[in-house]
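A short worksheet on the structure shown next.
The values are calculated or read from the model by the stated rules, or taken from the named source; none is laboratory data. Keep in mind it's a predicted model, so treat the numbers as computed, not measured. Please note: Cβ atoms are built from the backbone with ideal geometry, for glycine as well, and neighbour counts cover all protein chains shown. Accessible surface is based on the protein model in full, side chains and every heavy atom, while ligands, DNA and RNA are left aside. Shrake-Rupley method; radii C 1.70, N 1.55, O 1.52, S 1.80 Å.
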Amino acid sequence: AEVFAEANRFGADYRLMFASVDGQEVVTSIGTKLAVTQCISDISSVDTVLVAGGDHLVGRPIDPDLVDAVRDLPDRSRRLASICTGSFILARAGLLTGRRATTHWRHAQLLGRAYPDITVEPDAIFVRDGNVYTSAGVSAGIDLALALVELDHGMDLVRDVARSLVVYLKRAG
């Protein structure tokens, strides 16, 4: 979110919305409450969807309501992306079937075993397969967001964003 908000300071026009299954706030893996502005089902059309990961997505069942809510988001968006273990939500919803993807290195083997119809790239920072993107972790989510901003607005704007946020524009890997 910070990458897109910073891009706005340099002339982009991203409108950030935070959604959950029930429209209620979400508690992150570290216990921080994230304010939500709407239900996922209320999104009629959006440019980019970012599905966040969390510790609770690995090694136990994913909430079926969340899977159902995410399943048809590609029909209502131009592109779909996951951050870290958010790839498990996309996989469970069938949105990574037949695609290349990545997730946090610690969970890449599990993703490959649980979903053998996905080609998991464990060493990638992020993977693009068509209009679906997956990233390897939290900082890789920043790399992915920078790449999306570059696609939307070009190298000059994204260079300004990276410089302002004091992050690498493009890390090796």
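Report ASP63's accessible area, 1.4 Å probe, all protein chains in place, as a number in Å² to the nearest 10.
Accessible area of ASP63: about 80 Å².
Can you run phi through the Karplus equation (6.51, -1.76, 1.60; θ = phi - 60°) for region 80-86 and list ³J(HN,Hα) in whole Hz, with x for Gly and Pro?
Per residue, the Karplus-derived 3J(HN,Hα) values read 10, 9, 10, 10, 6, 7, x Hz.
Counting only protein heavy atoms and using a 1.4 Å probe, what share of the accessible area of the chain belongs to carbon plus sulfur, as a whole percent? It would help to have the intermediate numbers written out before the result.
On the way: 4940 of 9500 Å².
After summing per-atom areas, the C and S share lands at 52 percent.
Determine the calculated [θ] at 222 nm for the chain from helices alone, applying -39500 (n - 2.57) to every DSSP H run no shorter than 4 residues and normalising by the residue count; nearest 500 deg cm²/dmol.
-9500 deg cm²/dmol
If exposed trypsin sites (Lys or Arg not before Pro) are those in a DSSP loop with at most 16 other Cβ within 10 Å, what is the longest stretch of the chain that has none?
Details: sites that count: ARG15, LYS170, ARG171.
By the stated rule (loop sites, at most 16 other Cβ atoms within 10 Å), 16-169.
Quick one: among ALA140, ALA162, ALA101, which has the greatest mean-square fluctuation in a GNM of the chain with alpha-carbon springs under 10 angstrom?
Fluctuation is largest for ALA162.
Defining a contact as two alpha carbons under 8 Å apart and six or more residues distant in sequence, what relative contact order in percent does the chain show?
Details: 305 pairs, mean separation 32.7, N = 173.
Normalised by residue count, the contact order of the chain is 19 percent.
Using θ = phi - 60° and the Karplus curve 6.51 cos²θ - 1.76 cosθ + 1.60, what whole-Hz ³J(HN,Hα) does each residue of region 62-73 get, with Gly and Pro shown as x?
Karplus values, whole Hz, x for Gly and Pro: 8, 3, x, 5, 5, 4, 4, 5, 7, 3, 9, 4.
Need one value: the accessible area of ASP55 in square angstrom, 1.4 angstrom probe, rounded to the nearest 10.
Looks like 110 Å² after rounding.
Please give the net charge around ASP42, taking every other residue with its beta carbon less than 14 angstrom from that of ASP42, where Lys and Arg add +1 and Asp and Glu add -1. Walk me through the numbers before you get to the answer.
Details: positive: ARG76; negative: ASP22, ASP72.
Result for the local shell: -1.
Cα centroids of region 1-77 and region 146-165: how far apart, whole angstrom?
Using only Cα atoms, the two centres lie 22 Å from each other.
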